[in-house]
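Below is one structure, written out as structure tokens, with a few remarks after it.
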Amino acid sequence: MELIKENIEKQRAVYRKDKDTIRKIWYNTPFEWMEEHRAMLDIVNPDYVKDIGWNKDHVWMDMKLIPGTPASQFPHTKEFVKRIRNYVNEQYNSTKPYAHGDWVLSNIIINDNELHMIDWDNLGKHPNFFVKRKIKRDLKSAFGELYE
């Protein structure tokens, strides 16, 4: 497996397992969390999770590799900001009462005209006002004054 990203502070690592699969590892996380997390993901994003498992010191999840380019790598035009804002709101409306919870641009993958969310670690049920406030905060942080 090829290491893609590691966050020692958060005790997580992401690997490319094969051409179609990403494996995410969480250290010191209980397996019960993983089972609950997978159940939510199966509701909001069916077929995204391929497998889950655990070892002595970590849990892992194999997920479908989403091809494309992170939204963070595109120019921040007014049209692009509007496209991302519309996508994030539509995406949340399609998963209510569940919410992705982390709408940073690196978690939005663009492949031609399709947009997809990745990195579902913060998925959960949250009050609508909380989600709307978090979306606004994340997009304002990404786009600054372009986001109004």
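The values are calculated or read from the model by the stated rules, or taken from the named source; none is laboratory data. Nothing here was measured: the structure is a model prediction, and the numbers come from that model. Please note: Cβ atoms are built from the backbone with ideal geometry, for glycine as well, and neighbour counts cover all protein chains shown. Side chains included, ligands, DNA and RNA excluded: accessible areas come from the protein's heavy atoms. Shrake-Rupley method; radii C 1.70, N 1.55, O 1.52, S 1.80 Å.
Where the only charges are on Cβ atoms (+1 Lys, Arg; -1 Asp, Glu), what is the dipole of the range 8-148 about its Cα centre, to the nearest 20 debye?
Roughly 400 debye for the range 8-148.
Expressed as a whole percent, how much of the Cα-Cα distance distribution for the chain exceeds 25 Å?
31 percent
In nm, give the distance between the simple-model label positions of Tyr27 and Met1, each being 7 Å from the Cα along the Cα-to-Cβ direction.
Label-label distance for Tyr27 and Met1, simple model: 1.4 nm.
Please give me the summed charge of the neighbours of Ile66: other residues whose Cβ is under 11 Å from its Cβ, Lys and Arg +1, Asp and Glu -1.
Around Ile66, the surrounding residues sum to -2.
Using a Förster distance of 35 angstrom, determine the FRET efficiency expected from the C-beta separation of Trp54 and Thr77, and round it to 0.05.
That gives a FRET efficiency of 0.20.
Could you provide, to the nearest whole Å², the per residue accessible area of the chain with probe 1.4 Å?
Roughly 60 Å² per residue, with all protein chains present.
Give me the percent of the accessible area of the range 28-148 that comes from carbon and sulfur atoms, probe 1.4 Å, all protein chains in place.
Accessible surface attributable to carbon and sulfur in the range 28-148 totals 50 percent.
How many nm is it between the label spots at Thr69 and Ile43, if each spot is 7 Å from the Cα in line with the beta carbon?
For the pair Thr69/Ile43, the computed spacing is 3.6 nm.
Would you kindly state how much longer the chain becomes between Asn111 and Ser141 on full extension, computed as 0.36 nm times their sequence separation minus their alpha carbon distance, in nm to one decimal?
Full-extension gain reported as 8.5 nm.
Determine by what factor the alpha-carbon radius of gyration of the range 85-148 differs from 2.2 N^0.38 Å, reporting the quotient.
1.06
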